[in-house]
Amino acid sequence: MNPFQRRDGILHAEGVSLEDIARRFGTPCYVYSRAALTAAFQGYGQALAGREALVCFAVKANSNLAVLNIFARLGAGFDIVSGGELARVLAAGGDPGKVVFSGVGKSVPEMRLALGHGILCFNVESAAELDRLNAVAGEMGRRAPVSLRVNPDVDPKTHPYISTGLKTSKFGIPYGAALELYRQARRLPHLEIRGIACHIGSQLLDPAPAAEAAGRVLALVDALAAEGMALRHLDLGGGMGIRYRDEEALPAGDYLRPLLGVVAGRHERLILEPGRSLVGNAGLLLTRVGTLKPGEERSFAVVDAAMNDLARPALYDAWHDVVPVGGSGGNPRRYEIVGPICESGDFLARDRELALAEGDLLAILSAGAYGMVMSSNYNTRPRAAEVMVDGDQAHLVRRRETVDELLAGESVLPA
């Protein structure tokens, strides 16, 4: 569904005008749609109907407590990559028994925290982590539930920065080393083998690589079963892509159909870890034009959002559609949409034909994933507010930071 539609020429989020949101909460401001979050999650539920499955939202995509709470109410599990993300899940009402802990650098305190809360599983990514987790669990008098994150060496055909399943990746355990590491895990007294995991990348549009990876994982599962290691679950990751510009992004049911065909007839519980596909198109970044700088070769629209608010364009040269919230009296021309940060890489969009006037509101679309969650305080810029729209109501779910708050944790040297 598209929750952002025009009414009387003004862009709305569900039943609320974005002009009203800007007046109430200021700009820059992230705006999310509860209806779109719910519809996206329910799309996975419909695709997985009839088999035992758990959808674990990838918290790294958007960790706002209100977003997490909506998914928790819908019955979601959560895929985390830090102790801080676990704390967010718990604060949002998430069930720790539905949490899988991924990531290559889990610390001993993070392991203790997760074991203490009884998470569903650790997705272990190295032999050293396996030994460390065994030691921590032993000190706590517990057995740690584990899966090995296996690198199936399948090309996901996505941006190299978000490709995680090749043999050159820092993530996961090489496919050829996995069987022996499972044998090692079985010998460690404070570990309980629960399953197997893989994740090949993000913004995946072609379902074939995910299905291919699932096939490689199942071959390993059968080899483990032959040695008496029967697994309870198959964690086949996430990464389903969305439409940013002109991509052909499939509905969840169509994207998952080849993968589900590969695992048809298996008894193991299926775990999926979608992130972007649940939140990406459910959010936008609202910003206001401050200055227009016409030029002979390039014209610039300087807005009050910047690369510290939305890093994806500067980091990946990523495309986000930019649309005016209302009308404008300006003349159409080609603009670079840039922020006030002192970096040439501070751009949000390039070469966009828009009719703009100073003071206009712009909506930067498809910003619900890897937007606010990747923001920073570069140039001592307070981070943006976040607003959740639910029907005809707009709720402030994160207030804008202040400069005083940014300075509060610092001090000068004594005289």
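The values are calculated or read from the model by the stated rules, or taken from the named source; none is laboratory data. Nothing here was measured: the structure is a model prediction, and the numbers come from that model. Reconstructed Cβ throughout: ideal geometry from the backbone, glycine too, with neighbour counts over all protein chains shown.
Worth pointing out:
- Scanning the range 134-152 for residues that are in contact (Cβ under 8 Å) with a residue 40 or more places away in the chain and either under 26 Å from the mean Cα position of the chain (by Cα) or outside any helix (DSSP H, G or I) (or both) yields 142, 143, 144, 145, 146, 147, 148, 149, 150, 151, 152.
- Any hit, the range 14-27, residues being of a type in the set (Ser, Thr, Tyr) and under 17 Å from residue 369 (Cβ atoms): no
- Remark: pairs (first residue in the range 195-212, part of a loop (DSSP other than H, G, I, E, B); second residue of a type in the set (Asp, Glu); Cβ separation under 7 Å; 6+ apart in sequence or on different chains) = 199/273; 205/247; 205/248.
- Only one of 95, 79 that is surrounded by fewer than 18 Cβ atoms within 10 Å (Cβ to Cβ), under 20 Å from the mean Cα position of the chain (by Cα) and closer than 25 Å to residue 268 by Cβ: 95
- Condition check for residue 181: surrounded by 15 or more Cβ atoms within 10 Å (Cβ to Cβ), of a type outside the set (Lys, Arg) and under 30 Å from residue 136 (Cβ atoms): yes
- Selection count where residues are not small (Gly, Ala, Ser) and not in a strand (DSSP E or B), scope the range 320-343: 8
- Test: residue in the range 12-33 that is on the phi > 0 side of the Ramachandran plot and within 24 Å of the chain's Cα centre (by Cα): yes
- Flag if residue 304 is under 20 Å from residue 318 (Cα atoms) and free of Cβ contacts under 8 Å to residues at least 24 places away in the same chain: no
- Within the set 161, 182, the sole residue that is outside any loop (DSSP other than H, G, I, E, B) and either outside the structural domain of residue 123 (by TED's automatic domain parsing) or modelled with pLDDT under 90 (or both) turns out to be 161.
- Test result for residue 219, of a type in the set (A, V, I, L, M, F, W, C), under 23 Å from residue 181 (Cα atoms) and either modelled with pLDDT of 95 or more or surrounded by fewer than 19 Cβ atoms within 10 Å (Cβ to Cβ) (or both): yes
- Residue in the range 74-89 that is at pLDDT below 95 and not in a strand (DSSP E or B) present: no
- Number of the exception - residue 242 against (1) free of Cβ contacts under 8 Å to residues at least 60 places away in the same chain; (2) assigned to a loop (DSSP other than H, G, I, E, B); (3) touching a Gly at 6+ places or on another chain (Cβ under 8 Å); (4) closer than 26 Å to residue 81 by Cα: (1)
- Residue ID - surrounded by the most Cβ atoms within 10 Å (Cβ to Cβ), chosen from residues in the range 1-43 that are within 30 Å of residue 80 (Cα to Cα), of a type outside the set (A, V, I, L, M, F, W, C) and in contact with a Ser or Thr (Cβ under 8 Å, 6 or more places away or on another chain): 28
Every residue, every condition in (1) within 22 Å of residue 373 (Cβ to Cβ); (2) at pLDDT below 95; (3) acidic (Asp, Glu); (4) surrounded by fewer than 21 Cβ atoms within 10 Å (Cβ to Cβ), yes or no:
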| residue | (1), (2), (3), (4) |
| --- | --- |
| 304 | yes, no, yes, yes |
| 309 | yes, no, yes, no |
| 317 | yes, yes, yes, yes |
| 328 | no, yes, no, yes |
| 331 | no, yes, no, yes |
| 339 | yes, no, no, no |
| 345 | yes, yes, no, yes |
| 352 | no, no, no, yes |
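- All positions within the range 1-52 that are hydrophobic (A, V, I, L, M, F, W, C) and assigned to a helix (DSSP H, G or I): 18, 21, 22, 25, 35, 36, 37, 39, 40, 41, 47
- Residues (over 16 Å from residue 27 (Cβ atoms) and in a loop (DSSP other than H, G, I, E, B)) located in the range 308-319: 311, 317, 318, 319
- Residues that are of a type outside the set (A, V, I, L, M) and closer than 30 Å to residue 284 by Cβ within the range 230-244 comprise 237, 238, 239, 241, 243, 244, listed in sequence order.
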